[in-house]
Amino acid sequence: MNNRFFIEVDCARQNKHGQGAPGDVFLSQRDPDEGRIVCVLADGLGSGIKANVLATLTATMALKYVRSDMDICKAAGVIMSTLPVCSRRKIGYSTFTIADIHPDGRIRMMEYDNPPAVLLEGPTVLPLEKKSMEIQTAHLGPRPLFYSNFRAGQETRLVLFSDGLSQAGMGRPKTPLGWTAEKAVLFLREQIRRLPNISARQLCRAAVTEALRQDCLEAQDDISCAVIYFRRPRRLLVVTGPPIDSRKDPLLAARVAEFDGRKVICGGTTANLIARELGRTVQVDLSFLDPEIPPVSMLEGVDLVTEGTLTMSKTAQLLEQNQEPDLSRPNAAVRLMNILLESDQIEFVVGTKINEAHQDPNLPVELDIRRNLIRRIVWLLNEKYMKQASIEFV
Amino acid sequence: MKPLTITICTGTTCYVMGSGYLLSLQEQIESACSRPIEIVGSSCLGLCKDGQYGCAPFVQIGSTVIAEATPEKIIETLKQQTARNPMEQI
Ligand code: FES
């Protein structure tokens, strides 16, 4: 695990008003071994399904080529000459920005026709030296491409956006030229100045929401904003299930007490044992009741205490469906999801003692369910949400 | 009058079997048995293990365990306890 910094990647998107399919596509993949991340933002010609196909093709190809270490410039050339051609406009076209990010912060970037990517250190814009090069395309002749190679340090953010964001509000009396990239960057800087630790997730959403506001809530084009944030990792410990050997209980409790980061306990029995070891008490908090998910409890020194199986299955389901944590219905599963998404490095410590409290006659099955459930959550966090999550069985 | 504590299990089994509903009945129970009560939640009470105590959801009032608890059963138990032990109210 790369502890120097964590790279949080997130993208917010708003489809063009009335379009079911996004014409902008953002893809990002983290290599679990190297920690290298490749991100692509592509904006297909037009909007709707045709644009979506172009953008998806572009982004998928870019991701593949760059990951297989094809030269980033060559990859760009191949993509531009292979895109299918629109029968009406006789061109096959999608803009793209590819960022190839090394876990130590080195970035190689290739930009084609998207608004220029911005590198911010705190709220300050850092200049990027971009080399222009020409690439032959099949239908548009030679086109300029910008290549840059730089290093991102702690507390920097690389922001990519589509022209739907910079041109939002175009043609309106107040913004005849649209929001403009300059104003969008000012907005980003202002957000960071106000909330220096604003997550990639929050920042890209804020930018898209503002662009949509410029468009009077009806997006004239697909709006996308991706933020890649280099920062100190936010750590989270999730403990669930009592250790197989109860002599290890004190160790587990000490680990919870000493952990440097936020802490969550899933499971009533586990919470009771930790409380007992630490000489504290657990209290069920009845201030919010949900018909499906048991209430949370309070335990001094622990950020969240939930019931086990029901809560975690629901959280897994929410993560799978890519739902925003709905904090207006703050049941334990939503709160668990929220705290997971607000963390970068997540350690699951899973006790493997069979929970004799359950009525199920096939007790070992219950343990299997719990193990698989956690594996699923960890997989989702790593693959879908770009977290660094790990499991340890005790 | 000191409120009487009603412990409702919020463990996995009891919750699946409907204890969540019971948690929201403070007022109804109070007015039905005309004495103050306090509902507290608890993690698994350990009663669901082997069927010895009956089926979930479980509610505990003092030393009385109510299995397959319903609002009616809770109210009935409260009334019985009050009748048996009126002094406790003071
Ligand atoms: S879950 Fe209620 S007694 Fe076990």
Looking at (1) in contact with a strand residue (DSSP E or B) (Cβ under 9 Å, 6 or more places away or on another chain); (2) under 30 Å from B:E38 (Cβ atoms); (3) modelled with pLDDT under 95, find the lone condition where A:A200 falls short.
-> (2)
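Each row is one residue, and each column tells you yes or no for (1) at pLDDT 90 or above; (2) under 13 Å from the mean Cα position of the chain (by Cα).
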site: B:L4; (1), (2): no, yes
site: B:C9; (1), (2): yes, yes
site: B:Y21; (1), (2): yes, yes
site: B:P36; (1), (2): no, no
site: B:I74; (1), (2): yes, yes
site: B:Q81; (1), (2): no, yes
site: B:N85; (1), (2): no, no
When both residues are 6+ apart or on different chains and their Cβ atoms are under 7 Å apart, which pairs have a first residue that lies in segment B:46-57 and is within 9 Å of B:C9 (Cα to Cα), and a second that is more than 6 Å from the ligand (Cβ to nearest atom) and not in a loop (DSSP other than H, G, I, E, B)?
-> B:P57/B:S19; B:P57/B:L22
Which numbered condition A:T56 misses (of (1) surrounded by fewer than 23 Cβ atoms within 10 Å (Cβ to Cβ); (2) within 23 Å of A:D344 (Cα to Cα)) | (2)
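Here is a yes/no grid of residues against (1) within 23 Å of A:T281 (Cα to Cα); (2) of a type in the set (A, V, I, L, M):
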position: B:Y15; (1), (2): yes, no
position: B:S34; (1), (2): no, no
position: B:L45; (1), (2): yes, yes
position: B:I75; (1), (2): no, yes
position: B:N85; (1), (2): no, no
Matching residues in segment A:338-364 (modelled with pLDDT under 90 and within 17 Å of A:P243 (Cα to Cα)) number 9
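The values are calculated or read from the model by the stated rules, or taken from the named source; none is laboratory data. Just so it is clear, the model here is predicted, and its values are computed rather than measured. Positions of Cβ are generated from backbone atoms using ideal geometry, with glycine treated the same way; all protein chains shown enter the neighbour counts.
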